[in-house]
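The values are calculated or read from the model by the stated rules, or taken from the named source; none is laboratory data. Predicted, not measured: the structure shown is a model, and the values here were computed from it. Cβ sites come from the backbone with ideal geometry, for glycine too, and all protein chains shown count toward neighbours. Surface areas here come from the heavy atoms of the whole protein model, side chains and all, with no ligands, DNA or RNA. Shrake-Rupley method; radii C 1.70, N 1.55, O 1.52, S 1.80 Å.
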Amino acid sequence: MSVTAIGVVVLALCLRYCGSAPRLLQLVFLAGVFDAAAALILGGFGMPPAFPPAIMLVGLLAMQYLAGRRSIAEVPALHLMTPLLLFFAYAAVTAVMLPEAFAGRIIVWPQKFADIEPQPVPIAPGQGNMNQVAYLAANVGLALATALAAGRAGTPWRAIVKAYLLSGYLVMVLVAWDFASRTVGLPFPSDIVYSNPSWSIVEQNIGSLPRLQGPFAEPSALAFYLAGLAFACMGLCLRGHRVMRPDLLLVMACFATFLSTSTTGIAALVVGLPAQLAFAAAAGRGMAVRRMIRVLAVPGTIALLLAAGLLVMRPELLDVVAEVIDTTIEKRESDSFTERSLMNTVAWNAFLSSGGLGVGWGSTRASSILPGLLAGAGLVGAVTTAWFGLRMIRLVRRARAVANAGNPALIAIDCFGAALAGQLLAAAFSAPVITTPVFFAQLGIVGAAAIRVLIDASARARMVVQAAAAPNAPPPLLQISGR
């Protein structure tokens, strides 16, 4: 076992804040930026930097429960997470049983391959199933622990949102650094940023334009992160939250997505951001939409002027822009699109051949999340996932219906609820499974924030009932201060 440079920093911070759940959550977001790095290297396996704080958060909650400290959000959090826990139980059991049962009878796409050109192969039990189950266990545990920890009183919601936005600015710095390295030769710390031996990092180009990936393993992974970040910034702006200039970060995230040249990211933004504005207008929040347009006017204009000035000084860049647009439009004719389509076809066929059971979590790889989910966990996985999603949506709607305008938990719902929508949209276009701890931490935070809003509303209602029952009694605060 060896510890990387990023691992030393992350582990030191984990030890420093091992008793604070909010700090560990903030560290998950900041460390999760280094998606292609490793904190620890165990043989040929690299542990992503976000996993140590995630595992420590789960351990902290376990020790608190052993010591008798419960969470007021325990019952609603467990009710919310029940479908996700059932999904994990089915995925874990079938990952052991089904590859053996279907061995040699169903064709799958391997998670890892030895040849330069991967090909479908007959299913066989392997270590890949256990690796994917371990990732899933850590992520589901993180979501539950986050919901329990953040559901307690005193959670610094705004500070957690700030940590997420700070991680976004950090990604922008690393993307700009990556661009400078690929164009003018500025040294980039590749040995540190790409230290995970589980990833094969390959620099990609479209003509003379480098496909940027920043601290992620590939451009599509960067685009997946940026889709969530852009949606979160849009959600904060539409709701009127003034925290760390989300308007500026939104413009930067859109520009970075274009530089990644990822069709997935570009499509998610082109479809999703106008849809956010349309939903806000349809919900009667036309003033919020107009405010959003005004807020984006200044940074958007500055970005356009800078881009225009750059094109005037370097007119040859117009050819590069045209090449990116043509490549994006003609994506359906590329070898990459053909391979991804074949991966999805193999996953669909595996699901059908299994009779709806799935072929075991981690047995096959897909290009999009729906065929990957059905092939890996079958109908049970799809039903429990949809069940969980509906419970989360209903919970958030109930919280919004009873929340007062100044409730501090609303900023977390507005930020991370939108981020989840953006990442799910990107995954629907192209993502086999979602394994990043950041996504599951966001699930727990949204659930905890909605539960906290409902708890606060219930407490206010009880106070009103008590005041109505005893109109002449002084308020509780006056009674205490008079003693």
*Of the conditions (1) more than 22 Å from Ile413 (Cα to Cα); (2) in a helix (DSSP H, G or I); (3) modelled with pLDDT of 90 or more; (4) open to solvent by 30 Å² or more (accessible area, probe 1.4 Å), Pro187 fails just one. Which one is it?*
(2)
*Restricting the first residue to the stretch 57-69 and requiring it to be among the hydroxyl-bearing types (Ser, Thr, Tyr), which pairs with a second residue that is surrounded by 19 or more Cβ atoms within 10 Å (Cβ to Cβ) and in a helix (DSSP H, G or I) meet a Cβ separation below 9 Å and a spacing of at least six or different chains?*
Tyr65/Leu148
*Selected residue [more than 29 Å from Met1 (Cβ to Cβ) and of a type in the set (Gly, Ala, Ser)] from Ala149, Ala232, Ala221, Ala163*: Ala232
*Mind listing whichever residues of the stretch 246-297 are of a type in the set (D, E, K, R) and without any contact (Cβ under 8 Å) to a residue 40 or more places away in the chain?*
Arg290, Arg294
*Would you please name the residue that is nearest to Gln213 (Cα to Cα), looking only at residues in the stretch 230-256 that are of a type in the set (Gly, Ala, Ser) and within 19 Å of the chain's Cα centre (by Cα)?*
Ala256
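Every residue, every condition in (1) under 22 Å from the mean Cα position of the chain (by Cα); (2) open to solvent by 10 Å² or more (accessible area, probe 1.4 Å), yes or no:
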position: Leu25; (1), (2): yes, no
position: Leu30; (1), (2): yes, yes
position: Ala37; (1), (2): yes, no
position: Pro49; (1), (2): yes, no
position: Ile55; (1), (2): yes, yes
position: Val58; (1), (2): yes, yes
position: Tyr65; (1), (2): no, yes
position: Arg69; (1), (2): no, yes
_Between Pro210, Pro197, which is surrounded by fewer than 24 Cβ atoms within 10 Å (Cβ to Cβ) and not in a loop (DSSP other than H, G, I, E, B)?_
Pro210
*Take the residues in the stretch 417-460 that are of a type in the set (S, T, N, Q) and assigned to a helix (DSSP H, G or I), then tell me which one is modelled with the lowest pLDDT.*
Ser430
*Within the stretch 175-205, track down each residue that is among the β-branched types (Val, Ile, Thr) and farther than 20 Å from Ser262 by Cβ.*
Val184, Ile192
*For the stretch 391-416, how many residues meet the condition of being open to solvent by 20 Å² or more (accessible area, probe 1.4 Å) and either in contact with a strand residue (DSSP E or B) (Cβ under 7 Å, 6 or more places away or on another chain) or in a loop (DSSP other than H, G, I, E, B) (or both)?*
5
_Filter result (modelled with pLDDT under 85, touching a Gly at 6+ places or on another chain (Cβ under 9 Å) and small (Gly, Ala, Ser)) within the stretch 190-219_ = Ser198
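Residue by residue through the stretch 250-280, note down the ones that are open to solvent by less than 10 Å² (accessible area, probe 1.4 Å), part of a helix (DSSP H, G or I), in contact with a Pro (Cβ under 9 Å, 6 or more places away or on another chain) and farther than 18 Å from Ile369 by Cβ.
Residues of the stretch 250-280 that are open to solvent by less than 10 Å² (accessible area, probe 1.4 Å), as a first pass: 250, 253, 256-257, 260-262, 265, 268, 272, 280.
Remaining after also requiring part of a helix (DSSP H, G or I): 250, 253, 256-257, 260, 265, 268, 272, 280.
Next, from what is left, pick out any that are in contact with a Pro (Cβ under 9 Å, 6 or more places away or on another chain): 250, 260, 265.
Hits for the stretch 250-280 are Leu250, Ser260.
Hey, any hits in the stretch 96-112 for a residue that's assigned to a loop (DSSP other than H, G, I, E, B), in contact (Cβ under 8 Å) with a residue 60 or more places away in the chain and within 30 Å of Leu166 (Cβ to Cβ)? Can you show your working first?
Just the residues of the stretch 96-112 that are assigned to a loop (DSSP other than H, G, I, E, B), to begin with: 102-106, 109-112.
Next, from what is left, pick out any that are in contact (Cβ under 8 Å) with a residue 60 or more places away in the chain: 102, 105-106, 109-111.
Narrowing the set further to residues that are within 30 Å of Leu166 (Cβ to Cβ) leaves none.
Within the stretch 96-112, not a single residue is assigned to a loop (DSSP other than H, G, I, E, B), in contact (Cβ under 8 Å) with a residue 60 or more places away in the chain and within 30 Å of Leu166 (Cβ to Cβ).
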_The listed residue being under 16 Å from the mean Cα position of the chain (by Cα), surrounded by 14 or more Cβ atoms within 10 Å (Cβ to Cβ) and among the small types (Gly, Ala, Ser), out of Ser181, Ser167_ = Ser167
*Write out, first by first residue and then by second, each pair whose Cβ atoms fall under 6 Å of each other, whose residues are 6+ apart or on separate chains, and whose first residue, in the stretch 389-416, is under 18 Å from Pro246 (Cα atoms) while the second is open to solvent by 60 Å² or more (accessible area, probe 1.4 Å).*
Ile411/Arg158; Asp414/Arg239
*Does Ser353 count as in contact with a strand residue (DSSP E or B) (Cβ under 9 Å, 6 or more places away or on another chain), open to solvent by 20 Å² or more (accessible area, probe 1.4 Å) and not charged (D, E, K, R)?*
yes
*Looking at the stretch 152-170, which of its residues are outside any helix (DSSP H, G or I) and closer than 14 Å to Leu24 by Cα?*
Thr155, Pro156
